[in-house]
Amino acid sequence: MDEPMEDDVEITFPVKFLGRVEVVRSDGLQILEEAVYSLKTPDKYSSEKVTKNTKVLIFLSLGGIDILEHKTKFLLYQCPLSTVSFCAVLPSSPKVFGFVAKHPASDIYHCYLFQSKAYAHVLVSAIGDVFRASKKEESVRGGRDLIVEALRHKNKILQRENEELRRKLAAQRS
């Protein structure tokens, strides 16, 4: 079996992509169960099921989750971490896991389902870790932004005060 590949800020896992299903809610194990059932049920209207059971790479980074075709590395789906609302292993089938993400441009949620003999629990844990790290990075970056803005504001006040003192000094010399 392929091994996960890792570097400083990203990790890639080879898995089998079972499919992507539109779901009505953003979280819960029930959503995963319903999505798996939906994939097993023939549906002539769903084009998402045509690509199921293909080998893919899940690429995790602080930016999000990318799903790439294994051989060509063609990007199939891209989910920013801010859109991911739920991730879990299916209790009834420990090799199957999935995550739910909101479409960035609409109020539609999709459940992405995968199968991995060795990495299901590891991947769910890794997605959770990346999600927490991303939130921590956001809060640090947000905190830095607030500090920078406060310093800019203080700088403007000091520049105005400096100009005022220069004018007063120039007036006294005249």
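The values are calculated or read from the model by the stated rules, or taken from the named source; none is laboratory data. Please read these numbers as outputs of a predicted model, since none were measured by experiment. What goes into the accessible areas is simple: the full protein's heavy atoms, side chains included, and nothing from ligands, DNA or RNA. Shrake-Rupley method; radii C 1.70, N 1.55, O 1.52, S 1.80 Å.
Here are a few things to note about the model shown:
- Cross-link pairs Lys71/Lys117; Lys40/Lys73; Lys55/Lys95 - those with Cα-Cα distance over 23 Å: Lys40/Lys73
- Residue-span extension gain [Glu33 to Ser92] - 0.36 nm each, minus C-alpha spacing: 20.4 nm
- Taking all protein chains together, His70, His121, His110 sort by accessible area into His121, His70, His110, largest first [probe 1.4 Å].
- Taking only Cα atoms of the range 74-123, radius of gyration then Dmax in Å: 11.8, 34
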